[in-house]
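A short worksheet on the structure shown next.
What follows draws every value from the coordinates through simple rules; no lab data is involved. Since the structure is predicted, the reported quantities are computational estimates derived from the model, not experimental observations. Reconstructed Cβ throughout: ideal geometry from the backbone, glycine too, with neighbour counts over all protein chains shown.
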Amino acid sequence: MAKRQQHKGRSPKPTGRANKGKRDIWYKLDLSAIVYPTLQRRDFSSVYRLSVVLKEAIDPVLLQTALDRTLPRFPTYKVAIRKGLFWRYLEPNNRPGPYVREDIKNPCMPMPFKGSNRYLIRVYYYGNRISLEAHHSLGDGTGGMCLLQTLTASYLELLGHPVKPEGFVLDITSTPDPGELEDAYMRYANAQVRPPRPSEKTYRIRGTKEPFYTLNILDGILSVREVMAVARKYNASITEYLNAVLLYALLQKQNSDFHIRLRPVRIAMPVNLRRFFPSKTLRNFITMVYPSIDPRLGEYTFEEIVEHVHNYMRYYINDKFLRGDITTNAATQQNPLIRVVPLFIKDMVVRTFYTKVQDKNSSAGLTNMGALHVPKDMKPYIERFDIYMGQPFSSRTNCAIISFEDILTINFASSIVEADVERFFFRKLVQDGIHVKIESNRDL
């Protein structure tokens, strides 16, 4: 094994080269990833989960073989996180693992950086399901889905079902494209204006905190055709309609709570920037938008909420505004004075800002990964996909949406006992004529 580089008081100089098994290749955390390790605490990690449900039971021995074959193709996922004097960075991880494990009741558990041989991913199996959990410092859902689908294709090949690489399925024998490893934010942080961030405090869900390490999961399984038909009645897309339903549920929850005064309800929704800015990166390349309703302006009908969300999306989700948003996010990192501030001071400032300001800017999180496509060789073996945003930083619920063929899954995750928001949400869908099948890891 090659000797580790020695660094005297300095963070190592990262590179974008592919991992060739050497210990002298480093990856600087991307613009989004910088925040996630800062928020790490004993009872919280920024971990998300992606799952694929196959039509046959999983063979864990073959799945482990498939993982061992697949992971080296993803050098920015086969890493450990380290601290420098000024910044954190990722180093190649050649320790044994990660090891496939049978699934657990409470997913997305905190991921200690020094645990599990320092790997920042987990792979689970249960029945027909393969689940990948990844720390957000490695990448977003697009990168994670690429790893999950490639792993699934490798597993199917071991079963005698070869899959031709395309889309999210990569050729595990190929050399990583340098574009897969880049921090794409910095390429597009060149707008001449920096849009401000929402700063007003929003409605916060009140609830009974669950015991340590408990994550409540509530899944709704729907028909894409049914949801699309209802969304069209409101002249909205599926994403706009479901955002409106969640805002409606949050408003109902606030009205049912004891409150001295009303507050705005706001959703934190990540946008996949690859839709607007060409990039092959498998790392983080998302930004946040915040559709909201302010009940202090008056009572909103559901139709008015849908119209408001529709107009908000059209106004904010475009390359001009998003480029400005990237530039706003990058401004701090590019500041030469901040760059030389020691890491422990950066951590203290970022953690305080996030806890006191940023986390209070939204009432819930919602992400929609959209309609997934897989190679035609894979399609006969797949039932559906699931996505979970993971454990919320504070007492609230996170909602994640994904679809495959005609199956649309809406996955809620929360760390509070009460499921009022989820109940209001699914009740509205049923009232609109949508059939919903509910699954959960809690007793219903």
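What the table shows:
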item	result
Loop-located chymotrypsin sites (Phe, Trp or Tyr not before Pro) in the stretch 209-274, at most 16 other Cβ atoms within 10 Å (DSSP)	Phe212, Tyr213, Phe258
Distance in nm between pseudo-label sites at Arg427 and Lys320 (7 Å out along the Cβ direction from Cα)	4.2
Shape of the stretch 111-155, Cα gyration tensor, a/c cut at 1.5	oblate
DSSP-assigned coil residues among GluC sites (Glu not before Pro) in the stretch 272-326, each with at most 14 further Cβ atoms within 10 Å	Glu299
Selected from Gln334, Gln149, Gln40 as most flexible by GNM, with the chain as the system and alpha-carbon contacts under 10 Å	Gln334
Charge sum, other residues only, whose C-beta stays under 12 Å from Ile293's C-beta, Lys/Arg counted +1 and Asp/Glu -1	-1
FRET efficiency, 1/(1 + (r/R0)^6) with R0 45 Å, evaluated for Val341 and Ala371 via beta carbons	0.55
Low-density loop positions, trypsin sites (Lys or Arg not before Pro), the stretch 358-409 - DSSP coil, at most 12 other Cβ in 10 Å	Lys376
For log10 I(q)/I(0) by the Debye sum over Cα atoms at q = 0.06, 0.07, 0.10, 0.13 Å⁻¹, calculated from these coordinates, the label among (1) -0.24, -0.33, -0.68, -1.15; (2) -0.34, -0.44, -0.78, -1.19; (3) -0.25, -0.34, -0.72, -1.27	(3)
Gyration tensor verdict on the stretch 39-134 (Cα atoms; rounded if a/c is under 1.5, prolate if a/b is larger than b/c, oblate otherwise)	oblate
His136, His310 arranged by Cβ crowding within 10 Å, fewest neighbours leading	His310, His136
Listed residue pairs exceeding 27 Å between alpha carbons, taken from Lys114/Lys201; Lys233/Lys320; Lys83/Lys105; Lys55/Lys437	Lys114/Lys201; Lys233/Lys320; Lys83/Lys105
Potential extension, Ala57-Ser199 segment - 0.36 nm per residue separation minus Cα distance	46.3 nm
R0 of 30 Å, Cβ-Cβ distance Met228-Lys356: FRET efficiency to nearest 0.05	0.15
Residue-wise HN-Hα coupling along the stretch 129-145, computed from phi with Karplus coefficients 6.51, -1.76, 1.60 (Hz; x: Gly, Pro)	9, 10, 10, 10, 10, 9, 6, 5, 5, 7, x, 9, x, 5, x, x, 5
Sequence-separation-based contact order of the chain, relative, with Cα cut under 8 Å and 6+ spacing, percent	23
For the stretch 304-349: rounded, prolate or oblate by the Cα gyration tensor [a/c cutoff 1.5]	oblate
Residue-by-residue Karplus 3J(HN,Hα) for the stretch 408-416, coefficients 6.51, -1.76, 1.60, Hz, glycine and proline x	10, 10, 10, 10, 9, 9, 8, 10, 10
Label zone at Lys379, where the point sits 7 Å out along the Cα-to-Cβ direction: the stretch 401-441 residues whose backbone N lies under 15 Å	404-407
Packing-based order for 85-93, 314-322, using average beta carbon neighbours within 10 Å, highest first	85-93, 314-322
